[in-house]
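One structure is given below, encoded as structure tokens.
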Amino acid sequence: MISIEWLISLSAVLFTIGLIGVLIRRNAVVVFMCIELMLNAVNLSLVAFSAYHGDIAGQILVFFSLSVAAAEAVVGLAIIIAIFRNNLSVDIGDINLLRF
Amino acid sequence: MTLSYIVLGVSTFMLLNSAALAVYAERRVAAFIQNRYGPNRVGPLGLLQPIADVLKLILKEDVTPQEGFKFIHTIAPVIPVTTALMTVAVIPFGDGLVVTEINASILYLLAIASLGVYGVTLAGWSSNSKYSLLGGLRASAQMISYELPLGMAVASCVLFAGSLNITDVAASQEVWWNVIRNPIGAVIFIIAAFAESNRTPFDLVEAEQELVGGFHTEYSSMKFGMFFLAEYMHVVINSMLITTFFFGSYHLPFAGLWLPELTTTQKMILDVSVFVGKTGFFMFLFIWVRWTIGRFKFDQVMNLGWAKLLPLSIANFLIIAIVLYVLNMMNV
Amino acid sequence: MEIYAFIVLSVLAIGSALGMILNKNTVNSALFLVLHLISLAGIYLLLKAQFLAIVQIIVYAGAIMVLFLFVIMLLNVADEPSLFDRFRVGYFLAFLLGVAVLGQIVYSVAGVAGILPQISPEMERIGTVEAVGDVLFTEYLMPFEMTAILLTAAVVGALMVAQFKSGKVSRA
């Protein structure tokens, strides 16, 4: 079996990709998907540590993080729909009412 | 080990063929219900009609919408067929006749079923046509809504078996079928199974009067054939699941009370034929309902799913759990 | 054998993640994310976490991503035409920041490389549904109930936010 360094590196790389995605994309839905990507990267490292330690707490934590992600996706998408209804756009550059 | 390979080969082969048989059966039963002949020209009793149909589909021109998304348009029909075929891996056809024993095979079934939505949704979107898109959106909303009562009905069966392994659920029905112990769950499961396979009365995904052809308006030739195949494969699969979860799987009624000891081969043959017989009956039920009941409106479908079936299935689950707990307490 | 499966799955995961952030079309991005989530479920299976692998597919691929696709199709979001047609300082800074974060993670992990765990013999046992359920409904019962409240609150909140009230909202 692979050693745990590989799994942590994979998780770090995925987290970084998600971070860059959040910074370069303008579409609110895609930014939101990049956040899901980062959440998943963290979940991966939690599962890896849990399996290698032989301690189930990490997997329970991932279970809770999954349900929080589901709640977050529901509310976030509802907000995006509400914004689209007012702005007719999901470009985060156009959502600037709270800027000044 | 070899047995499971044999089961895999035979069941996949039979599933693919039973879809063709279901098409033929649908047309014959429809004709019978509507008091006409149905296909009876190709071969004896029209039995070669499915082959003629497939030949016609293959020979037709394959049209892809120019403004559509060609790659997604091509892979979308593959998804429902794949998910239907993957389901066979965990269904027990008899005592020990199962392709692979997964510890959590019921969760596996639910996971596979939830992936089937993508085929319909992507087909509707990639066609770049408003009718297809509306059909795809309706399909995804409907399938997501009815997954919940379906899951709750299955969960109430899991309570009786005390295991998430589908072979244990099948084995636990040796004396009492789940339909007797849990009739509300059975009704909910059958309704949800109809909605999941997009059959009448829930076929507003492809309501001709409103949406032309629904999500497969822009499909032709064998790509359309794949959707057609997938629809009938889902009818077969859902019949198998209804049988497995609620109608005693491969057991005869109250088999544990009166069935004498049989040799392994006899038992195997009996199990498989009982299972196939029950599955055939539910396939007939699917066709029967299609030619008897009209189509719901979309708000009625959503209302039934969220406001009626879901609370009912949760209440059913809770009551069964409480009753089983009290019975357990009294025994101890 | 496991090494090869891991290599294939991780290449798939990284490739689909890159595909997701670099694709102009929103639906394609969502599909890449689905592929990414399924390959992560494969890695969970390699780590013998069967329960999480299946839940990952049910919750993420089966529910959350279908919701995303549904919203994308409903809003009919246009492509982002100007993603890479010209150089922007913002892209360069984003890349630099990403590399900095990656370096920081690698540096901090390298600092504790000596105490990273080796493979535990318990790994086979703890990932099963029985093991997870045992702990979830005894030791972690309270957080579990909290999750139920959280999900109910999220559903009610989403309905409140997204509900269309005719007359009150001015449509541009």
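The values are calculated or read from the model by the stated rules, or taken from the named source; none is laboratory data. None of the values given here were measured: they were computed from a predicted structure. No Cβ is skipped: glycine too gets one built from the backbone with ideal geometry, and neighbour counts run over all protein chains shown.
The residues of the stretch A:1-19 that are more than 12 Å from the chain's Cα centre (by Cα) and either at the interface with chain C (Cβ under 7 Å from one of its Cβ atoms) or modelled with pLDDT under 90 (or both), listed by number, are A:Met1, A:Ile2, A:Ser3, A:Ile4, A:Glu5, A:Trp6, A:Leu7, A:Ile8, A:Ser9, A:Leu10, A:Ala12, A:Val13. A:Asp55 meets each of the listed conditions (1) outside any helix (DSSP H, G or I); (2) free of Cβ contacts under 8 Å to residues at least 12 places away in the same chain; (3) out of contact with any Ser or Thr (no Cβ under 9 Å at 6 or more places or on another chain) apart from (3).
Of the listed requirements (1) of a type in the set (Phe, Trp, Tyr); (2) facing another protein chain (nearest Cβ under 7 Å); (3) surrounded by 24 or more Cβ atoms within 10 Å (Cβ to Cβ), C:Tyr60 misses just one: (2). Can you work out which of the residues in the stretch B:162-217 that are in a loop (DSSP other than H, G, I, E, B) and of a type in the set (Gly, Ala, Ser) is farthest from the chain's Cα centre (by Cα)? The selected residue is B:Gly162. Of the residues screened, B:Leu137 is one that is crowded, with 20+ Cβ neighbours inside 10 Å, modelled with pLDDT under 85 and in a helix (DSSP H, G or I). Restricting to the stretch B:196-214, name every residue that is modelled with pLDDT of 80 or more and in contact with a Gly (Cβ under 7 Å, 6 or more places away or on another chain). Answer for the stretch B:196-214, where residues must be modelled with pLDDT of 80 or more and in contact with a Gly (Cβ under 7 Å, 6 or more places away or on another chain): just B:Pro201.
Yes or no, residue by residue, for (1) hydroxyl-bearing (Ser, Thr, Tyr); (2) in a loop (DSSP other than H, G, I, E, B); (3) free of Cβ contacts under 8 Å to residues at least 12 places away in the same chain; (4) surrounded by 23 or more Cβ atoms within 10 Å (Cβ to Cβ):
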| residue | (1), (2), (3), (4) |
| --- | --- |
| A:Val30 | no, no, yes, yes |
| A:Met38 | no, no, no, no |
| A:Ala69 | no, no, no, no |
| A:Val75 | no, no, yes, no |
| A:Phe84 | no, no, yes, no |
| A:Gly93 | no, yes, no, no |
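Looking at A:Ser67, A:Ser89, just one residue is among the polar types (S, T, N, Q) and either modelled with pLDDT of 90 or more or under 22 Å from C:Glu124 (Cβ atoms) (or both), and that residue is A:Ser67.
Select, from C:Ile115, C:Ile119, the only residue that is at the interface with chain A (Cβ under 7 Å from one of its Cβ atoms) and among the hydrophobic types (A, V, I, L, M, F, W, C). After applying the criteria, what remains is C:Ile119. State which residue is surrounded by the most Cβ atoms within 10 Å (Cβ to Cβ) when the search covers only the stretch C:37-55 and only residues that are facing another protein chain (nearest Cβ under 7 Å) and of a type outside the set (A, V, I, L, M, F, W, C). Of everything passing the filter in the stretch C:37-55, C:Tyr44 is surrounded by the most Cβ atoms within 10 Å (Cβ to Cβ). Sub-9 Å Cβ pairs linking a first residue in the stretch C:86-105 that is part of a helix (DSSP H, G or I) to a second residue that is among the hydroxyl-bearing types (Ser, Thr, Tyr), at least 6 apart or interchain, are C:Gly98/A:Thr16; C:Val99/A:Thr16; C:Val101/A:Thr16; C:Leu102/A:Thr16; C:Ile105/A:Ser9; C:Ile105/A:Ser11; C:Ile105/A:Thr16, ordered by first then second residue. Just one of the listed residues (C:Glu124, C:Glu145, C:Glu139, C:Glu130) is more than 30 Å from C:Leu46 (Cβ to Cβ) and either more than 8 Å from chain A (Cβ to nearest Cβ) or at pLDDT 85 or above (or both), namely C:Glu145. Within the stretch C:112-132, being without any contact (Cβ under 8 Å) to a residue 12 or more places away in the chain, in a helix (DSSP H, G or I) and more than 14 Å from A:Asp55 (Cα to Cα) holds for C:Ala113, C:Gly114, C:Ile115, C:Glu130. Checking A:Leu39, A:Leu46 one by one, the residue that is more than 12 Å from the chain's Cα centre (by Cα), modelled with pLDDT of 90 or more and more than 7 Å from chain C (Cβ to nearest Cβ) is A:Leu46 and no other. Mind checking whether some residue in the stretch A:23-36 is modelled with pLDDT under 90 and touching a Phe, Trp or Tyr at 6+ places or on another chain (Cβ under 6 Å)? Yes, some residue in the stretch A:23-36 is modelled with pLDDT under 90 and touching a Phe, Trp or Tyr at 6+ places or on another chain (Cβ under 6 Å).
Take the residues in the stretch C:20-33 that are without any contact (Cβ under 8 Å) to a residue 40 or more places away in the chain and within 10 Å of chain A (Cβ to nearest Cβ), then tell me which one is farthest from A:Met38 (Cα to Cα). Only one residue fits best here, namely C:Asn23. For the stretch B:116-133, taking the residues that are touching a residue at least 12 places away in the same chain (Cβ under 8 Å) and surrounded by fewer than 22 Cβ atoms within 10 Å (Cβ to Cβ), the one that is nearest to the other protein chains (Cβ to nearest Cβ) is identified as B:Asn128.
Would you say A:Phe64 is in contact with a helix residue (DSSP H, G or I) (Cβ under 7 Å, 6 or more places away or on another chain) and within 7 Å of chain C (Cβ to nearest Cβ)? Yes. Residues being under 18 Å from C:Val109 (Cα atoms) and among the β-branched types (Val, Ile, Thr) are represented in the stretch A:33-50 by at least one member.
Tell me the residue from B:Phe228, B:Phe160 that is under 30 Å from B:Ser129 (Cβ atoms) and surrounded by fewer than 22 Cβ atoms within 10 Å (Cβ to Cβ), please. Exactly one of B:Phe228, B:Phe160 is under 30 Å from B:Ser129 (Cβ atoms) and surrounded by fewer than 22 Cβ atoms within 10 Å (Cβ to Cβ), namely B:Phe228.
Considering B:Ala76, B:Ala89, B:Ala84, the condition of being of a type in the set (Gly, Ala, Ser) and under 14 Å from B:Gly9 (Cα atoms) is satisfied by B:Ala89 alone.
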